[in-house]
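Have a look at the structure below before the remarks.
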Amino acid sequence: MLFECDQWKVERVSPVIAANSDAFLSVTPTHNTVMEEKQRETGTGSLVFAINGLRFEVSSVSPSTTLLEFLRAQTPFKSPKLGCGEGGCGACVVLLSKYDPVLDQVEDFTASSCLTLLCSVNGCSVTTSEGLGNSKDGFHPIHQRFSGFHASQCGFCTPGMCVSLFGALVKAEKNDQREPSPGFSKLTVVEAEKAISGNLCRCTGYRPIADACKSFGS
Ligand code: FES
Ligand code: FES
């Protein structure tokens, strides 16, 4: 147990993301299943979800609380930013992963956390840019490419861009139709460029950002 108070508690669960240069993503339904089982066991009616491998159990929260507000006020994961607050800039993008028991698979999708109510992420696993990689555990190749291509200046938009690109890579990797050349992802160059079409940058300029994204395309 890392932390506990009247409203919520935090404990560590197995990491959602195995992010390294060889594997862009490895998501397993295990912790979602575990969370749901525990929720049934305890019958607490609490919200239970994971953020970057940490299990959160929230027993009391205002229904209007957004995921972004919770992330920035109650967790150490401050990379999602409040830009427009209305789903238009992409600064707050996170990856949501949810186990679908009917299809027996994990569904992954990116979402604007400024428009996502905390109550709607029950049973989900949330991944922010820190969950992809960080200075302690090592940066993800996406971070490294953004740095290498000089695709970030003030950095305000960068975490959202990285997660948007990561989400596109995840989606592409699930496409069984494509067989990329060895060492390449299944993401096409066009898809890589479009991955950040919903993310705004006010200072870097889009050429180096697009180049960093396209470097993952095949
Ligand atoms: S803050 Fe702009 S999309 Fe969420
Ligand atoms: S790097 Fe400053 S807003 Fe994009």
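Read-outs: derived from the displayed coordinates by stated rules, not from any lab. Keep in mind that what you see is a predicted model, and the values were worked out from it rather than measured. Cβ: placed from backbone, ideal geometry, glycine included. Neighbour counts: every protein chain shown.
Structural remarks
- Between Glu107 and Ser218, the contour length at 0.36 nm per residue exceeds the Cα-Cα span by 37.6 nm.
- Amide N proximity, region 185-217 versus His150 label position 7 Å along Cα-to-Cβ, cut-off under 20 Å: 201-216
- Built amide H within the under 5 Å cut-off of Ala91, gap 5+: Gly83, Cys84, Leu200
- In this structure, the pairs whose alpha-carbon distance is over 20 Å, taken from Lys98/Lys174; Lys81/Lys214; Lys78/Lys194; Lys98/Lys171, are Lys81/Lys214; Lys78/Lys194.
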